[in-house]
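**Student:** Below are the structure tokens for one structure; questions will follow.
The values are calculated or read from the model by the stated rules, or taken from the named source; none is laboratory data. Since the model is a prediction, treat every value here as computed from it, not as a measurement. Cβ placement follows ideal geometry from the backbone for every residue including glycine, while neighbour counts extend to all protein chains displayed. Just the protein is used for accessible areas: all its heavy atoms, side chains included, with ligands, DNA and RNA removed. Shrake-Rupley method; radii C 1.70, N 1.55, O 1.52, S 1.80 Å.
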Amino acid sequence: MAGMSIFATKAIEQIKAEQLGHAADGEGGLKRVLGPGQLVMLGVGAIIGTGIFVLTGQAAAANAGPAIVLSMVVAGLTSVLAALCYSEFAASVPVAGSAYTYAYATLGEFIAWVIGWDLILEYALGAATVAVGWSGNLVTLLHQLGLTFPAAISAAPGTVVPVSGGDPITAVFNLPAVIITILVTMLLIVGVSESASVNAVIVVIKVAVVLIVIGAGAMFIETANWHPFIPPNTGKFGEFGWSGVLRGAGVIFFAYIGFDAVSTSAQEARNPQRDMPRGILGSLAVCTILFVLVSGVMVGIVPYRQMLNQPAPLVVAVEAAAGRAAGTPWGPAMNALKVLLTVGALAALSSVMVVMMLAQPRIFLAMSKDGLLPRWAGTVHPRFKTPHVSTIVTGVAVALAAGLTPIGTLGQLVSIGTLMAFVIVSIGIIVLRRTRPDLPRPFRMPMVPLLPALSALVALVLMLGLPRATWERLILWMAIGIVVYAGYGYRRSRLRSAEPRVQIAD
């Protein structure tokens, strides 16, 4: 039969019936508890985090200069194109699994496996990246409060940590990153509505902090710092000039990921056909405006070269503004803003971890139901109605990565993994329009196939702008994934073995 092909696709009606029928089969289903406001909050919670609080300064200093603002716009437009694709899929196929499920319905099982494996780079490593950023901001806050944290357990192994009044210390482990990962894992096991409520409070705090930074920082901008707006290229691709704007967009792209995490919660949305596009596009619109403004203010306060290797560039900018405000009525307020910003960054990074670690187990859940991962990955807790086993596995993996890996390596891997997901989802929209023109589409992406093709092309161009080492790590990771598929998923696939789904309740 055709189902024996590794490129066999699964009917969308079958996907819906399987995932929405688990409660009737005695497996326990996910609870539909999220409204449009909570979905927008989830998106904003995922997007405003490490990218804006940590990576903007690095991209400005090493790649784009003041034109980091243009890099933000390029990355934002790439995300809008991909978001339109995700919105059509999320409204038409309102089930858990995000890009993995969409690929299974359009491009076949093998591509679905590739994207599911690739999404581990986005969500699990994304959460690990955020945990490392959270750790750095915690150490900064303790320093601002006159406390010290042992340098040896504050960063990845081999990281040289400067110590005020003493010799630098080489770190051996990042303990704060592991602790926050454990706390988030425990929260997510308890339940998604509780997690969404905590997230909503944190989102309000961090949006307020970003708005205060934009408003207060704008008073201390020195316009000379914006010139030249696009610094001349050094002769090396990606170091200033227009190629620097491109690479800056690829690096800063990390700032925008998260809106697609909203699509993994489709099965927990009360009215997914209407609310998923609102959640995805609404959160992206809010964040794009904030990002362009905050990055412009940051490079207007401080010369971009001073941001090189700064783990908290916005704090550097606010400290510079506080220095200019010294002796004026604004002085005390700007000093208070330094601490407020660090607290806001901690809150921001916490909520990003919640959303990313919420998304990953739901990918595992969908893959397990298809037989591509073991049964334990799809187990739902009888009381909490959350995929608790895969949440714990995700937590352990994130804790190890966060405790042992530097933030730069993690960040670029997450960006390339996410862009690869965008390419596949964009192509999937074109395929689905041809193969299933009859499918009800409560939200339709405009100008198909032009816009989805443009979405795939732009994401691919941003991938090509990333360093060679990042590509090598991606290829190695995908090779490992293909070996796992050949050894387990290929033989256990329920679609290709044509095993009746009603007989496989866990």
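**Student:** In segment 98-123, which residue that is aliphatic (A, V, I, L, M) and surrounded by 24 or more Cβ atoms within 10 Å (Cβ to Cβ) is nearest to the chain's Cα centre (by Cα)?
**Tutor:** The selected residue is L119.
**Student:** Does A456 fit the bill of being within 21 Å of L281 (Cα to Cα), in a helix (DSSP H, G or I) and free of Cβ contacts under 8 Å to residues at least 60 places away in the same chain?
**Tutor:** Here the answer is yes, as A456 does meet what is asked.
**Student:** Considering only segment 422-432, I want to know if a residue exists there that is assigned to a helix (DSSP H, G or I), surrounded by 24 or more Cβ atoms within 10 Å (Cβ to Cβ) and among the aromatic types (F, W, Y).
**Tutor:** yes
**Student:** Does G136 satisfy the criteria of being closer than 26 Å to A171 by Cα, modelled with pLDDT under 85 and either surrounded by fewer than 20 Cβ atoms within 10 Å (Cβ to Cβ) or within 24 Å of the chain's Cα centre (by Cα) (or both)?
**Tutor:** yes
**Student:** Please indicate, with yes or no, whether at least one residue in segment 367-390 is in contact with a Pro (Cβ under 8 Å, 6 or more places away or on another chain), open to solvent by 30 Å² or more (accessible area, probe 1.4 Å) and of a type in the set (A, V, I, L, M).
**Tutor:** no
**Student:** Which one is nearest to I180 (Cα to Cα), of the residues in segment 403-412 that are touching a helix residue (DSSP H, G or I) at 6+ places or on another chain (Cβ under 6 Å) and open to solvent by 20 Å² or more (accessible area, probe 1.4 Å)?
**Tutor:** I407
**Student:** Restricting segment 138-182 to residues that are of a type in the set (S, T, Y) and in contact with a Ser or Thr (Cβ under 9 Å, 6 or more places away or on another chain), which is nearest to I407 (Cα to Cα)?
**Tutor:** Within segment 138-182, the match that is nearest to I407 (Cα to Cα) is T159.
**Student:** May I pose another question? Name the residues in segment 390-432 that are at pLDDT below 90 and over 19 Å from D118 (Cβ atoms), would you?
**Tutor:** Within segment 390-432, L404, P406, I407, G408, L432 meet the criteria.
**Student:** Only one of these conditions is not met by S415: (1) outside any helix (DSSP H, G or I); (2) under 24 Å from A75 (Cβ atoms). Which number is it?
**Tutor:** (1)
To keep it simple, each residue is scored yes or no on (1) within 14 Å of G217 (Cα to Cα); (2) open to solvent by 10 Å² or more (accessible area, probe 1.4 Å).
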| position | (1), (2) |
| --- | --- |
| M307 | no, no |
| V318 | yes, no |
| R324 | yes, yes |
| A345 | no, no |
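**Student:** Taking segment 208-245 as the search range and keeping residues that are in a helix (DSSP H, G or I), under 13 Å from A62 (Cα atoms) and in contact with a Phe, Trp or Tyr (Cβ under 9 Å, 6 or more places away or on another chain), which one is least open to solvent (accessible area, probe 1.4 Å)?
**Tutor:** Only one residue fits best here, namely G244.
**Student:** So, G76, is that one in a helix (DSSP H, G or I), buried (at least 24 other Cβ atoms within 10 Å of the Cβ) and not charged (D, E, K, R) or not?
**Tutor:** For G76, the condition - in a helix (DSSP H, G or I), buried (at least 24 other Cβ atoms within 10 Å of the Cβ) and not charged (D, E, K, R) - is not met.
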